[in-house]
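Working notes, beginning with the structure itself.
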Amino acid sequence: MKILMSNLGYLRGIDGALSNHLRYAHRHMYCSIAAQKKSLRQLGDILQQEDPDICCFVEIDKGSSDLANFNQLAALVNEKYPFFDIENKYGQSSVLRSLPFSRGKSNAFLAKQAFDYEKLYLTHGTKRLIYKIAIDTHTTLFFSHFSLKKHVRAEQFLQMRHLLRETAGDVIILGDFNVHGGFQELAPLLHENNLRVVSDESQPTFTFHRFKMPLDLCICSENIARRIDLKIIPQPFSDHSALLVEINP
């Protein structure tokens, strides 16, 4: 099975180059549908080449005013990937769910086949949504977009640790972890759960000018880690690279 995890950067077509950020800075205020569709074509090329079974997306939009009220996930659904869900990433009682510029800001998944899944919510931070997907009878996939604030991330990682403790079988955790302080920030999550960080701390997944960091990570149970191949895929439409996780027999 192949799993793609990507921070799409809302498909604004802004990569990690400083010149690109300056040239397209206006897209943070308003990004045309034409610009988003160009990014969608580039994403489509990645999906065609890598052929993942399930795609996990953060920073995807289902209709905010700064993105021309365009549903980006709907444009990706097709006969090959007919199963999907998209949900606002903020807390269930957050006012951000109703404001024009943030009501569509979401996480989502897209899949070739139907999977049982749940939408869970962290109790700390602004971004709270976690997807929990049963990818087979023994393996559960979690993915999320963790806080930019270090003290909030620490609380979120502690809560994730408790969720994992209550989950039977093997687990895979994917997401934009925002660990700007390095992998030592993951200690609260890894403690007592027999997990391994598959990602390499020397391989960056986020670029801003000369600043490069490994923020998009794969963590999984020791039992499954030896069967995982991890590939980092540059994305011309985002300052984040995608992760392709292949689980071998």
>> Under 6 Å between Cβ atoms, which residue pairs at least 6 apart in sequence (or on different chains) link something in segment 1-27 that is over 21 Å from Ser64 (Cα atoms) and touching a residue at least 24 places away in the same chain (Cβ under 8 Å) with a partner that is β-branched (Val, Ile, Thr) and outside any loop (DSSP other than H, G, I, E, B)?
In response: Met1/Ile247; Ile3/Ile54; Ile3/Val245; Gly16/Thr207
> Any residue in segment 87-109 that is in contact (Cβ under 8 Å) with a residue 60 or more places away in the chain, more than 19 Å from Met213 (Cβ to Cβ) and of a type in the set (A, V, I, L, M, F, W, C)?
Replying inline: no
>> I'd like the residue in segment 1-23 that is at pLDDT 95 or above and hydroxyl-bearing (Ser, Thr, Tyr) and, out of all such residues, is farthest from Gly44 (Cα to Cα).
In response: Tyr10
> In segment 60-93, what residues are surrounded by fewer than 16 Cβ atoms within 10 Å (Cβ to Cβ) and hydroxyl-bearing (Ser, Thr, Tyr)?
Replying inline: Ser65, Ser93
> In segment 208-219, what residues are modelled with pLDDT of 95 or more and surrounded by fewer than 18 Cβ atoms within 10 Å (Cβ to Cβ)?
Replying inline: Lys212, Met213
> Taking the stated definitions as given, is Asp85 more than 19 Å from the chain's Cα centre (by Cα) and acidic (Asp, Glu)?
Replying inline: no
> Mind checking which residues of segment 202-249 are farther than 14 Å from Gly182 by Cα and among the charged types (D, E, K, R)?
Replying inline: Arg210, Glu222, Arg226, Arg227, Asp229, Lys231, Asp239, Glu246
>> Quick check on segment 48-59. Is at least one of its residues surrounded by fewer than 17 Cβ atoms within 10 Å (Cβ to Cβ), over 17 Å from the mean Cα position of the chain (by Cα) and free of Cβ contacts under 8 Å to residues at least 12 places away in the same chain?
In response: yes
>> Tell me yes or no: at least one residue of segment 178-188 is without any contact (Cβ under 8 Å) to a residue 60 or more places away in the chain, farther than 24 Å from Gly9 by Cα, out of contact with any helix residue (DSSP H, G or I) (no Cβ under 6 Å at 6 or more places or on another chain) and surrounded by fewer than 17 Cβ atoms within 10 Å (Cβ to Cβ).
In response: yes
>> Against the condition at negative phi, out of contact with any strand residue (DSSP E or B) (no Cβ under 9 Å at 6 or more places or on another chain), of a type outside the set (Gly, Ala, Ser) and surrounded by 15 or more Cβ atoms within 10 Å (Cβ to Cβ), how does Asp45 come out, does it pass?
In response: no
> Of all residues in segment 220-243, how many are touching a strand residue (DSSP E or B) at 6+ places or on another chain (Cβ under 9 Å), over 19 Å from Met160 (Cα atoms), of a type in the set (A, V, I, L, M, F, W, C) and crowded, with 22+ Cβ neighbours inside 10 Å?
Replying inline: 2
> Does Thr137 satisfy the condition of being of a type in the set (S, T, N, Q), surrounded by fewer than 22 Cβ atoms within 10 Å (Cβ to Cβ), more than 16 Å from the chain's Cα centre (by Cα) and within 18 Å of Lys119 (Cα to Cα)?
Replying inline: no
>> Suppose the filter is of a type in the set (A, V, I, L, M, F, W, C), touching an Asp or Glu at 6+ places or on another chain (Cβ under 8 Å), surrounded by fewer than 19 Cβ atoms within 10 Å (Cβ to Cβ) and more than 22 Å from Val245 (Cα to Cα); does Met29 pass it?
In response: yes
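The values are calculated or read from the model by the stated rules, or taken from the named source; none is laboratory data. The structure presented is a predicted model; accordingly, all values stated were derived computationally and were not measured. No Cβ is skipped: glycine too gets one built from the backbone with ideal geometry, and neighbour counts run over all protein chains shown.
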